[in-house]
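*Asks:* Here you go, one structure.
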């Protein structure tokens, strides 16, 4: 009798403490396990945001932006939300990088790294700003695309990606363009 009771309790212990079957995990994740983001791992590991490349025209030439800062925090107000970088800081971040030449009015496309191995989701918003010694001017972005200035010269930009869904946070990048005919 003791053996039967012992086997009974052992089976309850083994099977009762087992993890939930995959079907239950899928139901809890809304039936789509692939889109469930492990927010805890992103916050704890402080994983870098997805790389965002810029292309002049349809994948002609790439522009290499510099990641200035990023922040993941369940309390978004704890992250740096204001673009307080100076023109000198943004310019210095581009030092040593190849400055891309572009024709006036040319279309420039943001292309977000789609590597499925990263835990970091895609940003919810991209804001682009032209930075000069005097001011920060918003630049319209339409469907991840913007236009180069019409006048020749060097232009330094900051762009901010914001994450507001599963993961809360932001990332700020800088890059420089040289517009010439």
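*Asks:* Determine whether segment 45-61 contains at least one residue that is surrounded by fewer than 11 Cβ atoms within 10 Å (Cβ to Cβ), more than 21 Å from residue 170 (Cα to Cα) and modelled with pLDDT under 60.
*Replies:* no
*Asks:* For segment 141-158, give me each residue that is over 16 Å from residue 56 (Cα atoms) and within 19 Å of the chain's Cα centre (by Cα).
*Replies:* Within segment 141-158, just 158 meets the criteria.
*Asks:* Within segment 72-80, is even one residue assigned by TED's automatic domain parsing to the domain that holds residue 50, under 16 Å from residue 51 (Cα atoms) and either surrounded by 13 or more Cβ atoms within 10 Å (Cβ to Cβ) or in contact with a strand residue (DSSP E or B) (Cβ under 8 Å, 6 or more places away or on another chain) (or both)?
*Replies:* yes
The values are calculated or read from the model by the stated rules, or taken from the named source; none is laboratory data. Because the structure is predicted, anything quoted here is derived from the model rather than measured. Here the Cβ is made from the backbone with ideal geometry for all residues, glycine too, and neighbour counts use every protein chain on show.
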